[in-house]
Amino acid sequence: YRVVLLDEYQDTSVVQTDLLAMLFRGTAVMAVGDPHQSIYGWRGASAGNLGDFARSFDPDAGARTYSLLTSWRNGVDVLRAAGAVLEPLDAPVDVGTLRPREGAPRGRVDIVVEADVDAEADAVAEWFRNVRDERHGSGRSTTAAVLVRSKKHMLRFAEALGRRGIP
């Protein structure tokens, strides 16, 4: 291959990096990743691999780093909230602050704090039911994903959604 693109590189492990470097040594290789989105540490992935990318593949090649800092999907307030959550976290690679695209909408951030998982599941399900009702007939998507802290909570969220007729 003339050029290889390694996407979601923050989720590679040291072993995977060694294998990829061996396979593609002498090839033009690009890696794309976000250290704040690294979710596979449990299987040995390390967002630190982003910072070591050039050294792993060809330390003499003069690799360059480009930061993609414009968010094309998110509203101003959504990015502001995400930045506030990320700010105290230590990223293994220096990352600039995401900025909204020109003309981006304000966006909407809803925050609810509940006493327990069941109350939280009910609040999430009710919020989503309201969003579906608002969008009904508008042609706008009403799909969603619920990310839970633990697999043991999945059923509680599914039941709360089911009680509201949400598949």
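The values are calculated or read from the model by the stated rules, or taken from the named source; none is laboratory data. From a predicted model like this one, the values you see are computed outputs, not experimental measurements. Quick reminder, even Gly has a Cβ in these numbers, built from the backbone with ideal geometry, and neighbours come from all protein chains shown. The protein model used for the area step is the full one, side chains on, heavy atoms only, and it has no ligands, DNA or RNA in it. Shrake-Rupley method; radii C 1.70, N 1.55, O 1.52, S 1.80 Å.
Observations on the structure shown:
- Counting only residues that are assigned to a loop (DSSP other than H, G, I, E, B), open to solvent by 60 Å² or more (accessible area, probe 1.4 Å) and small (G, A, S), the range 74-87 holds 0 of them.
- Count of the range 7-25 residues, restricted to those that are within 18 Å of the chain's Cα centre (by Cα), free of Cβ contacts under 8 Å to residues at least 40 places away in the same chain and either under 11 Å from F53 (Cα atoms) or crowded, with 16+ Cβ neighbours inside 10 Å (or both), is 2.
- Filter result (out of contact with any helix residue (DSSP H, G or I) (no Cβ under 9 Å at 6 or more places or on another chain), at pLDDT below 85 and not small (G, A, S)) within the range 88-118: D90
- Any chance S67 is over 17 Å from the mean Cα position of the chain (by Cα) and either farther than 25 Å from L147 by Cβ or not basic (K, R) (or both): no
Yes or no, residue by residue, for (1) at pLDDT 95 or above; (2) more than 24 Å from R108 (Cβ to Cβ):
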residue: E120; (1), (2): yes, no
residue: N130; (1), (2): no, no
residue: R135; (1), (2): no, no
residue: S138; (1), (2): no, no
residue: S141; (1), (2): no, no
residue: A144; (1), (2): no, no
residue: R149; (1), (2): no, no
residue: R156; (1), (2): yes, yes
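- Index of the failed condition, R106 passing every other in (1) free of Cβ contacts under 8 Å to residues at least 60 places away in the same chain; (2) surrounded by 15 or more Cβ atoms within 10 Å (Cβ to Cβ); (3) in a loop (DSSP other than H, G, I, E, B): (2)
- Exactly one residue out of D90, D116, D94 is within 30 Å of G162 (Cα to Cα) and of a type in the set (D, E), and it is D116.
- Taken as a whole, the condition of being part of a helix (DSSP H, G or I) and open to solvent by 70 Å² or more (accessible area, probe 1.4 Å) does not apply to D90.
- The single residue among G41, G62 that is over 30 Å from E102 (Cα atoms), open to solvent by less than 60 Å² (accessible area, probe 1.4 Å), over 19 Å from the mean Cα position of the chain (by Cα) and free of Cβ contacts under 8 Å to residues at least 24 places away in the same chain turns out to be G62.
- Hey, R156 basic (K, R), assigned to a loop (DSSP other than H, G, I, E, B) and over 15 Å from the mean Cα position of the chain (by Cα) or not: no
- V3 passes every criterion in (1) of a type outside the set (D, E); (2) out of contact with any Pro (no Cβ under 7 Å at 6 or more places or on another chain); (3) closer than 28 Å to L147 by Cα apart from (3).
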